[in-house]
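A.B. asks: Handing you this structure, nothing more for now.
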Amino acid sequence: MDQVVEQFRKLSIAAVSDALDRLGIHGTCLGISPMNYGYKMVGRAYTVKYLPVAEDKGSVGDYIDEVPPGSVVVLDNEGRLDCTVWGDILTSVAHMKGISGTLIDGVCRDISCSLELKYPIFSKGAYMRTGKDRVDAVAYNVPVSIGDVQVRPGDIIFGSDDGALVIHKEREAEILKVAQLIEEKEEGIRKAVMQGVPLKEAREKYGYHQLQTRQV
C-alpha cells in the first residue's frame, strides 16, 4: 500500500489546494470536472499522450492492461472536445482491475457505465463521437499536460467533487505536511464555532486568512 497516497486520501482537496498556494506550486486543473459526484480519486499517474491522427489511422491505445491497480489513468488529448478517448469498455476494464479513476484533458463517453460502476472520471465533459481514426496514442508514461498543469508518471492525482489537482512527486512530502497543518487548523475553527466561539474570533485564533498565503 502506498502510504503517501493513503495520507492524502484522508484530506480534503481544498486543504491540498491551499497547501499548493502556500508553497507557490501550480497544480490545479482548470476546466476539469467530475462526471459523477460523491467519489474521491487519489492515485499515482499513468500517463498517455495523444496527438491528432496523421496519414495512418493511428491507435487509441490498448494500454489499460499495463496500468497498475490503484493508479489514475491520465489522458492528454490536448483539450479536444470533438472526440473522446475514453468509453465504457475502458471503464469496465479499469473498474475490474481496481484502477482509481481517469483524468482527461478532453472528453469521455458512455457516462452511464461509469455511473453504474461508480468509477470516477474527471474531464472537460462528455461527447459521444469516437476518437478512433481521429487521434493517435503516441506515448505512454511520459510527461503530459492537463490544461496548463504538467503531469509526470508517478505524480499523485487527487480528484473530488470540487475538481482535480496534481501533486508533484518530488514535493509530495512537503505538500502533505502543509495540507495536514491547514486541515488541522480548519478543524480547530469548526470545533471552536460549534462550542459557541464567534467565527471571527476563531478564524483569528487559527490564522485562517493566512493559511493559503505563500510563504517566502
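A.B. asks: Magnitude of the Cβ-charge dipole of segment 26-167, K/R +1 and D/E -1, about the Cα centre, nearest 20 debye?
C.D. replies: Numbers: 13 positive and 18 negative charges, 46 e Å.
So the dipole magnitude of segment 26-167 works out to roughly 220 debye.
A.B. asks: Using a Förster distance of 30 Å, how high is the FRET efficiency between residue 81 and residue 9, based on the Cβ-Cβ distance and rounded to 0.05?
C.D. replies: Values: r = 31 Å, r/R0 = 1.02.
Computed FRET efficiency for residue 81 and residue 9: 0.45.
A.B. asks: While we're here: Which Cα, out of 140, 84, 180, lies furthest along the positive dipole direction of the chain (beta carbon charges, K/R +1, D/E -1)?
C.D. replies: 180
A.B. asks: Can you list the lysines whose alpha carbon is less than 28 Å from that of residue 40, not counting same-chain residues fewer than 8 positions off?
C.D. replies: Within the straight-line limit of under 28 Å, residue 40 reaches these lysines: 10, 49, 97, 118, 124, 169, 177, 185, 191.
A.B. asks: What size of dipole, in debye to the nearest 20, comes out for segment 83-127 about its Cα centre when the only charges are +1 on Lys and Arg C-beta atoms and -1 on Asp and Glu C-beta atoms?
C.D. replies: Details: 4 positive and 4 negative charges, 16 e Å.
So the dipole magnitude of segment 83-127 works out to roughly 80 debye.
A.B. asks: So what is the orientation-averaged projected area of the chain, using the convex hull of its C-alpha atoms, in nm²?
C.D. replies: Values: hull surface 51.7 nm².
Convex hull of Cα atoms, orientation-averaged projection: 12.9 nm².
A.B. asks: Could you state, as a whole-number percent, how many of the C-alpha pairs of segment 95-210 are farther apart than 24 Å?
C.D. replies: Numbers: 3259 of 6670 pairs.
Here the tail beyond 24 Å accounts for 49 percent of pairs.
A.B. asks: Here's a follow-up. Whole Å is fine, so just give me how far the alpha carbon centre of segment 157-213 lies from that of segment 9-60.
C.D. replies: 21 Å
A.B. asks: Which of 113, 38, 103 sits closest to the plus end of the dipole of segment 26-167, meaning its Cα is farthest towards the positive end, when Lys and Arg get +1 and Asp and Glu get -1 on the C-beta?
C.D. replies: 38
Laboratory data are not the source of any read-out in this text; all were calculated from the coordinates shown. Since this is a predicted model, take the numbers as computed values, not measurements. FYI the Cβ positions are ideal-geometry reconstructions off the backbone, even for glycines, and counts take in every protein chain you see.
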